[in-house]
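These notes concern the structure reproduced below.
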Number of protein chains: 2
Amino acid sequence: MNVNKDLQNERNKCSFNVRELTEFIDGGKNRTLERKHIEKLILAQKDELFGGTPEDYLSHKEKYERAIQTNVIILKIVQDFMRDANGGDLTNYRDVLTTLLNFVVSREGTPFALHFMMFLPVFLSQADEEQQMEWLPRAWNCNIIGSYAQTELGHGTFIRGLETTATYDAATKEFVLHSPTVTSYKWWPGALGHTANYCVVVAQLHTKGQCHGIHSFIVQVRDEETHMPLAGIRVGEIGAKMGLNMINNGFIGFNHVRIPRRHLLMKHAQVLEDGTYVKSRNSKLNYGAMVFVRVVIVFDSVNYLSKAVTIATRFAAVRRQSQLKANEPECQIIDFLTQQHKLFIGIATCHALKMTATKLWDTFNEVQQQLRGGNLERLPELHALACCLKAVSTADTAALAEGGRRACGGHGYMRSSGLPQTCAVLDAACTFEGDNTVLLLQTARFLVKVWRGLDTLKLTPTVAYLRTTLTEGFNDKWENTVEGIIKGFQTVSMRKISECVSCMAKRIMSGMSQEEAWNMTSVQLVAAAESHCRVIIISYFHEEFVKVSSSFSPALRRVMKLLVELYTLYWALDKLQDLLKYTSISRTDTEQLQERYEDTLNALRPDAVGLVDAFDIMDEILQSTLGAYDGRVYERLMEEALKSPLNAEPVNRSFHQYLKPLMQGKL
Amino acid sequence: MNVNKDLQNERNKCSFNVRELTEFIDGGKNRTLERKHIEKLILAQKDELFGGTPEDYLSHKEKYERAIQTNVIILKIVQDFMRDANGGDLTNYRDVLTTLLNFVVSREGTPFALHFMMFLPVFLSQADEEQQMEWLPRAWNCNIIGSYAQTELGHGTFIRGLETTATYDAATKEFVLHSPTVTSYKWWPGALGHTANYCVVVAQLHTKGQCHGIHSFIVQVRDEETHMPLAGIRVGEIGAKMGLNMINNGFIGFNHVRIPRRHLLMKHAQVLEDGTYVKSRNSKLNYGAMVFVRVVIVFDSVNYLSKAVTIATRFAAVRRQSQLKANEPECQIIDFLTQQHKLFIGIATCHALKMTATKLWDTFNEVQQQLRGGNLERLPELHALACCLKAVSTADTAALAEGGRRACGGHGYMRSSGLPQTCAVLDAACTFEGDNTVLLLQTARFLVKVWRGLDTLKLTPTVAYLRTTLTEGFNDKWENTVEGIIKGFQTVSMRKISECVSCMAKRIMSGMSQEEAWNMTSVQLVAAAESHCRVIIISYFHEEFVKVSSSFSPALRRVMKLLVELYTLYWALDKLQDLLKYTSISRTDTEQLQERYEDTLNALRPDAVGLVDAFDIMDEILQSTLGAYDGRVYERLMEEALKSPLNAEPVNRSFHQYLKPLMQGKL
């Protein structure tokens, strides 16, 4: 391979073994081998997957057709591999999902994501055993393709307000699904437009004249042979979006559509043949699927951010612009501290969030075990944690990817860089599966509850610091260490929650209702929930690093330690107003933090390319003119431009029709 | 018109006269009438301009063809109107430009923007009188369409490094233009792909064996009759971008292309027939065009932000979601404080930046006068000001528009909302015409120079505060008023510059070179330049408001005063870490600021819709399902979705080709 000299030079001077880090990121040597094996299978079908006109030049409709074509191929590869590897075993479901999501070859998503990310998990958590036996094997083999329809045109956040109805008719033992208004049309479900033939539909369950709130139903949408929409169903796609145009998001409306009684998912609640409603043991049990999806989103966000930083970092090593010193050759832009400031935090964030999400995942599995044993104690904590982690991770990764995109200057605006599409996916994650502001307010509600019960409640692990910090807090001597900063953040979080609670109390005293006071304090409540989340991420990152680093070689340990420090320093400086307001940090301390941050950037500089190489994203998945492994940036930009159909002709027909008459004054 | 009830209700309770504010924003009653007249002319051609398949569903090539078709119509309308209105007078050039830019009916820009925004202004500022006589009338009438080619594949920021050469051949009295490398290809010029037939090209001027640095040349690119590229020229478009896909950005390479000597723009420097180079009187005179373009960018950014906040605010009034109190109907989401927090600062920012830009524009004209008289005193200040204002305005408007987009939840991700395209334009502005980080460092360089000469230099108006604040500064009693906050920001800016200078001095003492010390301090220097810019914007906004408010009715004065306060409070809270670090503000003060901010949001709540209505952007320009004047949000979303060509058939052909074989296990 003919590699750009500057990039090769970076690789030559890297201080650690890149493969060692790759294997750590993958989760072990075998995982890396497994991944590389699938990559080989994908590359074997290179022409069909990556040939033809680049997707960016296609029309909306052509993009969808391309999506189906390529994703069917990928799905087949992953399916075959998984079958061989573990005989269809569902225990490592997240692995399957992660593998599938990692190998999405379109930069605008895949129409099969929803099937694996929502349809199957919801089925697993809400269908009873008999229903699972009936449906799961077919779904798992993709004999049917499912979607999950909850959100309506008029309802997203407030699911209690959903308008679609499912009314039980005891005479025929059927439910009648109906969409009474325009706003009740389901809107957004991925794959629903023209891909899925089945769908889990969330609707208000009515029986014996009573509404029992929202429940999930399995509904056939299209004929299995002809794919024609079934009678009474109006289905289509919702149109062009900012990104993820290959997801095939759809709408669906029901005109008194009848489905059998057993199409209500009955693991928790049931409707008997005579229409009697049997309540769920615990309405919170459905939280499981939500937590699951949110953890997956965190992993997926890391996945996309690692693409963005790989591209931006390699480009920064190849791009030469301006002189650091007069009369010297132009320097690599990665040598500018302002550039390092934009990029290295992105690298650190990938590791911080991945370690945090892994720990959350483990906790999730523990709690699932406890749930089966009837112990619901940690469910609220887990839910609160998943909410704020989803919100903070998606917001951070979106901001850092956009920062990386801008750090590539104009070229980062080219779709051939892959950056706009990557940013658009991360942007979407900030609102889907729970709007970030709403999620942070849910975490805040949990924190306020904990705060109010601080003296009496048994504190679960992630909020235990609230009590310990309270007894120490503001008067603690500030320490400019990672541990000191974490302690500082704990104090900040504790004080912010405390301040929100007093602020609400004051407002209630002055005559506001509880709800008004909550609303008037909500900007501060969001900030408090974010602070709590920062505590969790930074301390998890630090703890996990300490735990795993003993297995690292000294060289890798050194560079990973720098990343932990960089991450902590970055957030300390970013949230300095909190530290100044709520802890004993001094001006001199802040100046030292700034200087240490700048020194850490410099210390990481020689290993930057090695660090992104370790993400080991193959060119065919990265699909970036700026970020390819060989660094042939300018050649690739030109090659991609020449693929534009506009460039196939020297003069476009619009010249004769419109431009020439204009220029010759003949319009 | 059938207007959404909630929206109508908002309009009924608006406390001020919307038309009064509209006329203020337009710059007077007559301007409003003028604008409405052009709008009528545009609406008269509604079918041709807005009919057919929505642009979001078209292929890249079809988009370009649509762009030429619609923009030729618009251009003709604006041209005719301008000719009638002022007989082709150039004195109000910015008006022409603003009018043109305001009426871009595509959400992805217009290929004619560069002709008016760069080609003509550069010609005006760099061509001598004879050259202007020869070229300007044809350019002004669009008999030729021009582009401006400076940036190369390998060079953006550092224009001294441009590689394209123009070598004078005294034998034939011609320049030979040449692109020696791939990286020397011009890349990015708007309209250059397939639209422009002429171009100003920036190249290294060589004569008599010597290089005299970069100069501008007028070059014919395509035949006027056939539009075919001329011999030796390789021209095309650069491919799909994140947004602005109708701009038709192009590349161009020269293979020893000969142009007459008089195609060098000779207002400042000349090459005589024998090849003698005559130097420009002052190399800084070219700054004029750059300042001009940057002011235009600020106005244009405000224009786009006002679209985004109009859409998001109207949507927030129409959308009902969740309950503020249990058992009440769902509330308008604009009632949530978190929503007000995201939106109202956007409205205030439009006014703050517009007033600042207007003042900068006036200063620019004054300084132009002084330049003609040979007085260059204020040029560096003006340049520094334009740099940081461009950087801060584009970054702020981009962030706020994106905030507004996310505040619409999932629906803000739909292209039919108009928000993704609006955000993409503002994102582009953060890197084009000077990368924001680079621009802030230029301002910082000016500030450091001023700081070092504080005792001896005569301080120009925008930096005079550095001296006065120094003598008062940190020990000043903090005041929680707009004036007090402005003073606080002045102290912050002064102290940050001072700290940067000491930090660099310390580093130099410890052995670093001047340049290394600058680089190591550059993250802080960028922050210092931003702080300076905040001082300027907030104080200009405040001063201008005080100046103009006497002509307002009391009702309008009240609401505009609230916007000034909101803007000041917002930034005080956002930059609290600076105030805490560098001023005498207390924790109690900060709590009061927070409370006043929350109260101000509430006070503005009833007028929010009126405030965005006052921007008076007609539906055909706004092009938003979420933001249309009548608030028929859900109906429009569905109507637009049904225009997707994918929805024209119930089953897409990809089902039979790929999906069915997959589902039936026959792949």
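Of the residues contained in segment A:314-324, one or more are found to be touching a strand residue (DSSP E or B) at 6+ places or on another chain (Cβ under 8 Å), more than 14 Å from every other protein chain (Cβ to nearest Cβ) and in contact (Cβ under 8 Å) with a residue 40 or more places away in the chain.
Taking the criterion of being among the aliphatic types (A, V, I, L, M) and open to solvent by 40 Å² or more (accessible area, probe 1.4 Å), the only residue of segment B:657-667 that qualifies is B:667. A single member of B:53, B:99 is open to solvent by 20 Å² or more (accessible area, probe 1.4 Å), away from chain A (no Cβ under 14 Å) and in contact (Cβ under 8 Å) with a residue 12 or more places away in the chain, and it is B:99. Within segment B:474-484, is there a residue that is open to solvent by 20 Å² or more (accessible area, probe 1.4 Å), out of contact with any Leu (no Cβ under 6 Å at 6 or more places or on another chain), within 12 Å of another protein chain (Cβ to nearest Cβ) and over 19 Å from residue B:449 (Cβ atoms)? Scanning segment B:474-484, I find at least one residue that is open to solvent by 20 Å² or more (accessible area, probe 1.4 Å), out of contact with any Leu (no Cβ under 6 Å at 6 or more places or on another chain), within 12 Å of another protein chain (Cβ to nearest Cβ) and over 19 Å from residue B:449 (Cβ atoms), so the answer is yes. For residue B:255, are the conditions met, namely being in the same structural domain as residue B:124 (by the TED database) and crowded, with 24+ Cβ neighbours inside 10 Å? Judged against the criteria, residue B:255 is not a match.
You will find that of A:429, A:398, the residue that is open to solvent by less than 10 Å² (accessible area, probe 1.4 Å), at the interface with chain B (Cβ under 10 Å from one of its Cβ atoms) and among the aliphatic types (A, V, I, L, M) is A:398 and no other. Checked against the criteria, residue B:442 counts as in a helix (DSSP H, G or I), within 14 Å of chain A (Cβ to nearest Cβ) and more than 27 Å from residue B:562 (Cβ to Cβ).
Here residue A:300 meets each of (1) under 22 Å from residue A:428 (Cα atoms); (2) within 14 Å of chain B (Cβ to nearest Cβ); (3) acidic (Asp, Glu) with one exception, condition (2). Return a yes/no flag: does segment A:116-123 have any residue that is surrounded by fewer than 16 Cβ atoms within 10 Å (Cβ to Cβ), at pLDDT below 95 and either hydroxyl-bearing (Ser, Thr, Tyr) or assigned by the TED database to the domain that holds residue A:201 (or both). No.
Put simply, of B:36, B:40, B:61 the only residue that is assigned to a helix (DSSP H, G or I), open to solvent by 50 Å² or more (accessible area, probe 1.4 Å) and within 14 Å of chain A (Cβ to nearest Cβ) is B:61.
Residue check, residue A:139 against (1) assigned to a helix (DSSP H, G or I); (2) within 14 Å of another protein chain (Cβ to nearest Cβ); (3) open to solvent by 10 Å² or more (accessible area, probe 1.4 Å); (4) touching a residue at least 24 places away in the same chain (Cβ under 8 Å), all met but one. Which one? Here residue A:139 clears every test but (3). Here the condition is being within 28 Å of the chain's Cα centre (by Cα) and either over 29 Å from residue B:60 (Cβ atoms) or open to solvent by less than 10 Å² (accessible area, probe 1.4 Å) (or both); of B:303, B:248, B:327, it holds for B:248 alone.
Among the residues that make up segment A:309-317, is at least one of them more than 26 Å from residue A:190 (Cα to Cα), surrounded by fewer than 19 Cβ atoms within 10 Å (Cβ to Cβ) and of a type in the set (Gly, Ala, Ser)? Within segment A:309-317, not a single residue is more than 26 Å from residue A:190 (Cα to Cα), surrounded by fewer than 19 Cβ atoms within 10 Å (Cβ to Cβ) and of a type in the set (Gly, Ala, Ser). If we scan segment B:581-589, do we find a residue that is under 22 Å from residue B:499 (Cβ atoms), part of a helix (DSSP H, G or I) and not aliphatic (A, V, I, L, M)? Yes; the residues of segment B:581-589 include at least one that is under 22 Å from residue B:499 (Cβ atoms), part of a helix (DSSP H, G or I) and not aliphatic (A, V, I, L, M). Enumerate the pairs (first residue in segment A:347-364 and closer than 20 Å to residue A:608 by Cα; second residue anywhere and of a type in the set (D, E, K, R) and part of a helix (DSSP H, G or I)) with beta-carbon separation below 8 Å, excluding pairs fewer than 6 apart on the same chain, so at least 6 apart or on different chains. Here the result reads A:349/A:396; A:353/A:396; A:355/A:544, each pair linking segment A:347-364 to a residue that is of a type in the set (D, E, K, R) and part of a helix (DSSP H, G or I). Restricting attention to segment B:259-300, the residues that are open to solvent by 50 Å² or more (accessible area, probe 1.4 Å), at pLDDT below 90 and not polar (S, T, N, Q) total 4.
Only residues that are surrounded by 16 or more Cβ atoms within 10 Å (Cβ to Cβ), outside any helix (DSSP H, G or I) and without any contact (Cβ under 8 Å) to a residue 24 or more places away in the chain: list them for segment B:8-27, please. Within segment B:8-27, no residue meets the criteria.
Rundown of residues vs (1) polar (S, T, N, Q); (2) more than 12 Å from residue B:64 (Cβ to Cβ); (3) more than 7 Å from every other protein chain (Cβ to nearest Cβ); (4) surrounded by 17 or more Cβ atoms within 10 Å (Cβ to Cβ), yes/no style:
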| residue | (1), (2), (3), (4) |
| --- | --- |
| A:617 | no, yes, yes, yes |
| A:620 | no, yes, yes, no |
| A:624 | yes, yes, yes, yes |
| A:627 | no, yes, yes, yes |
| A:631 | no, yes, yes, yes |
| A:638 | no, yes, no, yes |
| A:650 | no, yes, no, no |
| A:655 | no, no, no, yes |
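For residue A:455, the stated conditions hold: it is among the acidic types (Asp, Glu) and either over 21 Å from residue A:396 (Cβ atoms) or in contact with an Asp or Glu (Cβ under 6 Å, 6 or more places away or on another chain) (or both). Of the strands (runs of 3 or more DSSP E) that lie entirely inside segment B:221-323, those containing 3 or more residues that are closer than 21 Å to residue A:648 by Cβ span B:233-237, B:250-254. For the criterion of being in contact (Cβ under 8 Å) with a residue 60 or more places away in the chain and closer than 27 Å to residue A:592 by Cβ, residue A:482 passes.
Within segment B:32-59, the set of residues being polar (S, T, N, Q) and touching a Leu at 6+ places or on another chain (Cβ under 8 Å) comprises B:59 only. Look at residue A:369 and say whether it is in contact (Cβ under 8 Å) with a residue 12 or more places away in the chain and not assigned by the TED database to the domain that holds residue A:557. Considered against the rule, which asks whether it is in contact (Cβ under 8 Å) with a residue 12 or more places away in the chain and not assigned by the TED database to the domain that holds residue A:557, residue A:369 comes out as no.
Counting only residues that are at the interface with another protein chain (Cβ under 10 Å from one of its Cβ atoms) and open to solvent by 40 Å² or more (accessible area, probe 1.4 Å), segment A:587-615 holds 5 of them. Return the pairs, sorted by first residue and then second, in which the second residue is part of a helix (DSSP H, G or I) and open to solvent by 20 Å² or more (accessible area, probe 1.4 Å), the first residue lies in segment B:598-618 and is of a type in the set (Phe, Trp, Tyr), the beta carbons are less than 7 Å apart, and the residues are 6+ apart or on different chains. So the pair list comes out as B:615/B:25.
The values are calculated or read from the model by the stated rules, or taken from the named source; none is laboratory data. Since the structure is predicted, the reported quantities are computational estimates derived from the model, not experimental observations. A quick note on method: Cβ atoms are made from the backbone with ideal geometry, for glycine too, and the neighbour counts reach across all protein chains shown. The protein model used for the area step is the full one, side chains on, heavy atoms only, and it has no ligands, DNA or RNA in it. Shrake-Rupley method; radii C 1.70, N 1.55, O 1.52, S 1.80 Å.
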